[in-house]
Structure formats: structure tokens, C-alpha cells
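**Student:** Pasting a structure here, questions to come.
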Amino acid sequence: MNLNHQNIRHLTQASVILALTIIFGFFPGIPLAIIPVTIVLQNLGMMLSGEILGPWWGAGTMLTFLTLVALGLPLLSGGHGGLQMLLSPAGCYLIMWVVAAFVMGWLLKINFLRKYWWSELITVWICGALLVDLFGGLLLSWWMHFSLTFTLGAMMIYLPGDTIKVCLSVLITRRLRKSKLID
């Protein structure tokens with residue numbers, strides 16, 4: 001890899017977001033009685049990853065995080081780790097973090113979607129909250145043999161918290177862009 005200024009900058013940003021995602025895991029998840037997947041702060045790291053790093057670096061950062069988890073490092077909320085976490089109901093959502101970071105980063109390359117705070121907010125919400133909750137819920141429904149209606153209804157409990165995390169992600173990213181710390 002040619003370590004020019006741009007590559008060093010991306011590697012540094014990816015490392016910071018990876019570290020933030022790990023730190024967000026120090027906050028315990030909130031268990032839900034109706035489905036076996038907790039509410040966590042760590043998906044804020046995924047949102048920042050896609051929004052700040054773009055499609056390839058963002059997805060790569062989330063893939064690196066999941067690889068570390070699969071290797072057994074206790075990086076998920078509650079100190080969980082190991083391949084079994086990716087093969088559990090929560091894994092349905094974790095795998096979507098890579099996809100969501102890529103799609104979000106790709107869409108935000110479109111200047112109009114990044115130019116206005118509201119268009120960026122909608123893009124991050126659709127990719128970082130709705131896409132993850134919808135496809136994570138579909139995988140969970142298949143995995144746990146829940147009815148699709150039940151699972152999609154249960155997914156609604158995630159949307160208020162995810163919307164707050166989307167707002168935080170957009171606010172942080174736009175502030176960093178304004179201060180010229182990111183592109």
C-alpha cells in the first residue's frame with residue numbers, strides 16, 4: 001500500500017472510528033423482553049464510519065471490527081465477543097453494519113445528499129437505522145422462526161433510539177466537515 005498523505009489520513013480516521021465503536025461497547029446494552037437483541041450505542045460507530053469514511057473505508061472499518069469480535073475479543077456491549085456472537089440473533093444486525101456503512105458512504109458521495117443537513121440526515125437514517133433494522137429484522141425472523149409481522153413490529157422499538165444516534169452522527173460529521181478535520 002502506498003502510504004501517501006491521503007491514505008494515512010483515511011487510516012487515521014478509520015482507526016479513530018474503530019476505537020470509538022469499541023468505546024461505545026463499554027456502555028451496556030438495554031435488553032428487550034420481546035426479542036433477543038439488545039439496544040446498543042455501538043451502531044453510532046457504524047453510522048460515523050459510513051458517513052465520515054465513505055463506502056470502502058467505512059465498510060472496511062466495520063468489517064475489521066467484526067473480525068476482531070469473531071476472533072474472540074470482547075468488544076461488543078456487555079463484553080461479548082467470539083464467532084458465536086456473529087452466528088447469534090444479534091449477528092443478523094452486526095452483519096448489516098458492513099452493508100449499511102458501504103451503502104451510506106456510497107450515497108453520501110452524491111453532493112446533493114451531503115450538501116444539506118436534512119438530506120444527509122434522511123440518508124443516514126434510511127441506511128443506518130431503517131436498512132439495518134429492516135434487514136436485520138428479516139434475518140432475525142428467519143433465524144428465530146418468528147413471524148415476519150411480529151419481527152417487523154418489534155423492530156419499531158429500535159427506531160426512536162436509532163433516530164437519536166442518526167442525529168448525533170450527522171451533527172458530529174457536519175461539525176467535523178465545517179472545521180475541515182474531514183473531507
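**Student:** Does anyone have the angle between helix 132-144 and the longest principal axis of the chain? Alpha-carbon axes, 0 to 90°, nearest 10?
**Tutor:** On a 0 to 90 degree scale, this one is about 30.
**Student:** Additional query: On a 0 to 90 degree scale, rounded to 10, what angle separates helix 89-107 from the longest Cα axis of the chain?
**Tutor:** Taking Cα atoms only, the helix is inclined about 30 degrees.
**Student:** Now for a separate question. Could you do me a favour and compute the accessible area per residue for the stretch 100-161, 1.4 Å probe, result in Å²?
**Tutor:** Per-residue value: 56 Å².
**Student:** So which residue, out of Val98, Val132, Val37, gets the largest mean-square fluctuation from a GNM of the chain using Cα contacts under 10 Å as springs?
**Tutor:** In the Gaussian network model the winner is Val37.
**Student:** With the full set of protein chains in place, find how many percent of the accessible area of the stretch 37-172 is carbon and sulfur; take the probe as 1.4 Å.
**Tutor:** On the way: 4910 of 6210 Å².
For the stretch 37-172, the apolar C and S fraction of the accessible surface comes to 79 percent.
**Student:** Right, another one. If the elastic network links every pair of Cα atoms under 10 Å, which of Leu75, Leu48, Leu148 fluctuates the most in the Gaussian network model of the chain?
**Tutor:** Looking only at Leu75, Leu48, Leu148, the largest GNM fluctuation is found for Leu148.
**Student:** Counting Lys and Arg as +1 and Asp and Glu as -1, what is the net charge of the other residues whose Cβ lies under 13 Å from the Cβ of Leu20?
**Tutor:** Details: positive: Lys165; negative: Glu51.
Net of charged neighbours comes to 0.
**Student:** Averaging sequence separations of C-alpha pairs under 8 Å and six or more residues apart, then dividing by the length of the chain, give the relative contact order as a whole percent.
**Tutor:** Values: 265 pairs, mean separation 37.9, N = 183.
Reported relative contact order: 21 percent.
**Student:** A further question on this structure: Which of these values of Kirkwood radius over Cα pairs in Å was calculated from the structure shown: (i) 16.5; (ii) 16.9; (iii) 19.3?
**Tutor:** (i)
**Student:** Given an 8 Å cut-off on Cα distances and at least 6 residues of separation, report the relative contact order of the stretch 76-160 as a percent.
**Tutor:** On the way: 62 pairs, mean separation 24.7, N = 85.
Answer for the stretch 76-160 is 29 percent.
**Student:** Here is a further query. Using r as the Cβ-Cβ distance of Ile110 and Phe27, and R0 as 30 Å, what FRET efficiency do you calculate, to the nearest 0.05?
**Tutor:** On the way: r = 33 Å, r/R0 = 1.09.
My answer for the efficiency is 0.35.
**Student:** Give me the one-decimal nm value for the distance between modelled label points at Lys178 and Ile39, 7 Å along each residue's Cα-to-Cβ direction.
**Tutor:** 2.8
**Student:** Between Cys167 and Gln84, what length comes free when the chain is fully extended (0.36 nm per residue of separation minus the Cα-Cα distance, one decimal in nm)?
**Tutor:** On the way: separation 83, 0.36 × 83 = 29.88 nm, distance 3.15 nm.
Contour length minus the Cα-Cα distance gives 26.7 nm.
The values are calculated or read from the model by the stated rules, or taken from the named source; none is laboratory data. All values reported here derive from a predicted model rather than from experimental measurement. Neighbour counts run over all protein chains shown; Cβ positions are idealised from the backbone, glycine included. Side chains included, ligands, DNA and RNA excluded: accessible areas come from the protein's heavy atoms. Shrake-Rupley method; radii C 1.70, N 1.55, O 1.52, S 1.80 Å.
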